[in-house]
Amino acid sequence: GESVGLHLPTLSVQEGDNSIINCAYSNSASDYFIWYKQESGKGPQFIIDIRSNMDKRQGQRVTVLLNKTVKHLSLQIAATQPGDSAVYFCAENPGNTGGFKTIFGAGTRLFVKA
Amino acid sequence: SAVISQKPSRDICQRGTSLTIQCQVDSQVTMMFWYRQQPGQSLTLIATANQGSEATYESGFVIDKFPISRPNLTFSTLTVSNMSPEDSSIYLCSARGGALVDTQYFGPGTRLTVL
C-alpha cells in the first residue's frame, strides 16, 4: 500500500472560528487533489477538489489552497460548526504516470468545541 | 453524486475462513477500487477492479489473498481469503468515472473482525 499509517494529528477549534487543515503531498506529478471528510463509522465524503493548474478553489464555507512549489495543500473551513467534527484526509491522483488511483494522506482529526 | 452500498456492513469471522464483500454502485462507473483502513489510520489502496480483466494490485497485496471480481460497470466483489486476525480492518469500496466524472465516491465500508 502507499498511504501513510500514522496516529492522526488533532486540531481543536472553537465553534465559529475558522479552521485550517494542512497536508503535504508526495508526488510532484500529481495533477488532481481532493479533500475528504470522514465521520465515525462512515466512508469518506467528498468535500472539494482542485486541479494542478489552479492554486485556489472555493466552495460553500470551504476553500482549498494548492502550493505546488512546496507540494502543500490546505483546507480552510469558515465559521466551523460542531457538525464539522470529523477526520479530514487530503488525497492525490498521480496523473498519467500513476493511473487514475487516489492515494490518501495521513489525515487530521478536527474537534469543534461548542 | 453516487450511492455506493456494501454488503455485509460488518462481520465477525474465524481465522482460516474467507469472506466476500459486495459493492454496488447506482450508476455505471469507469473505475472501481478497494481500500483498507485500519482503526485510526488512513486509507490504503488494495487494488483497482477492472471490468472484464484481472484487477491491478498495489504493492503488498496479492490476488491469492484478495481476489476481486468486476463482472459489469456497477458491481464488484472483494474476497478476503484464509483470514487471520491481522486482516481485521474496514474494507471500503470506491468508484469513479462514467456518470461520476472525476469525483471519486466511497461506500460506507465493511467492518471485519477476525478471531
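Observations, loosely collected:
- Meets criteria (closer than 14 Å to B:GLN104 by Cβ and of a type outside the set (Asp, Glu)) for A:GLN58: no
- Pick from the stretch A:75-95, criterion more than 14 Å from chain B (Cβ to nearest Cβ) and open to solvent by 10 Å² or more (accessible area, probe 1.4 Å), ranking: nearest to the chain's Cα centre (by Cα): A:GLN76
- Residue within the stretch A:29-44 that is part of a strand (DSSP E or B) and charged (D, E, K, R) present: yes
- Within the stretch A:45-74, the residues that satisfy the criterion of being open to solvent by 40 Å² or more (accessible area, probe 1.4 Å), part of a strand (DSSP E or B) and of a type in the set (S, T, N, Q) are A:GLN45, A:GLN58, A:ASN67.
- Of the residues B:SER1, B:SER5, B:SER27, B:SER59, the single one that is hydroxyl-bearing (Ser, Thr, Tyr), surrounded by 14 or more Cβ atoms within 10 Å (Cβ to Cβ) and either assigned to a loop (DSSP other than H, G, I, E, B) or more than 9 Å from every other protein chain (Cβ to nearest Cβ) (or both) is B:SER27.
- Single residue of the stretch A:12-44 satisfying the filter (aliphatic (A, V, I, L, M) and surrounded by fewer than 16 Cβ atoms within 10 Å (Cβ to Cβ)) that is nearest to the other protein chains (Cβ to nearest Cβ): A:ALA24
The values are calculated or read from the model by the stated rules, or taken from the named source; none is laboratory data. Since this is a predicted model, take the numbers as computed values, not measurements. When we count neighbours, we look across all protein chains shown, and the Cβ atoms used for this are built from the backbone with ideal geometry, even at glycine. Heavy atoms of the whole protein, side chains included, go into the accessibility calculation; ligands, DNA and RNA do not. Shrake-Rupley method; radii C 1.70, N 1.55, O 1.52, S 1.80 Å.
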